[in-house]
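Below is one structure, written out as structure tokens; comments come after it.
Just so you know, all these numbers are worked out from the coordinates, no wet-lab data involved. All of these numbers come straight from a predicted model, not from anything done at the bench. Cβ coordinates were reconstructed from backbone atoms using ideal geometry, including for glycine residues, and neighbour counts include every protein chain displayed.
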Amino acid sequence: MKKQKTKFVLAEATLEEVNKQLKINMFVIVLVALILLLNIANFMQSYSLFYGLLVVIMIFFLFIIIKSRQILEMRKKALTRVE
């Protein structure tokens with residue numbers, strides 16, 4: 001039988017898993033920020049409602065991702081205090 005891949009659960013995560021998630025999170029933040037900059041450039045060029053809406057959505061996603069990073073960093077601090 002194949003070993004099932006378990007989901008990431010923050011409450012049960014080890015320091016190594018949290019560090020891995022922080023690296024993935026930073027990659028996603030950079031990716032979303034680059035896409036946001038491209039959307040802003042397209043919006044400034046064409047003043048399209050579509051690009052304006054994309055900019056607002058990307059800012060919202062960036063806000064949510066940054067908040068999740070803060071939660072991961074708090075968990076990392078808690079794990080480093082215990083160990």
Residues of the range 18-43 with amide N under 19 Å of the 7 Å Cα→Cβ point at residue 62
24-43
As I understand it, the value is the acute angle between the Cα axis of helix 15-46 and the longest principal axis of the Cα atoms of the chain; what does it come to in degrees, rounded to 10?
0 degrees
Translational diffusion coefficient of the chain at 25 °C, 0.890 mPa s, Stokes-Einstein with Kirkwood Rh over Cα pairs, in µm²/s as a whole number.
165 µm²/s
Gain on full stretching of the segment that runs from residue 78 to residue 44 - 0.36 nm per residue minus C-alpha separation
7.9 nm
Along the range 69-78, Karplus-curve 3J(HN,Hα) (6.51, -1.76, 1.60; θ = phi - 60°) to the nearest Hz, with x for Gly and Pro, reads 5, 4, 5, 4, 5, 5, 5, 5, 4, 5
Value of [θ]222 nm, deg cm²/dmol, for the chain, DSSP H segments ≥ 4, -39500 (n - 2.57) each, nearest 500:
-29000 deg cm²/dmol
In nm, spacing of pseudo-spin labels at residue 10 and residue 22 (7 Å Cα→C-beta vector):
1.4 nm
Given Cβ charges of +1 for Lys and Arg and -1 for Asp and Glu, the option among 60, 29, 13 whose Cα lies farthest towards the positive end of the dipole of the chain is 13
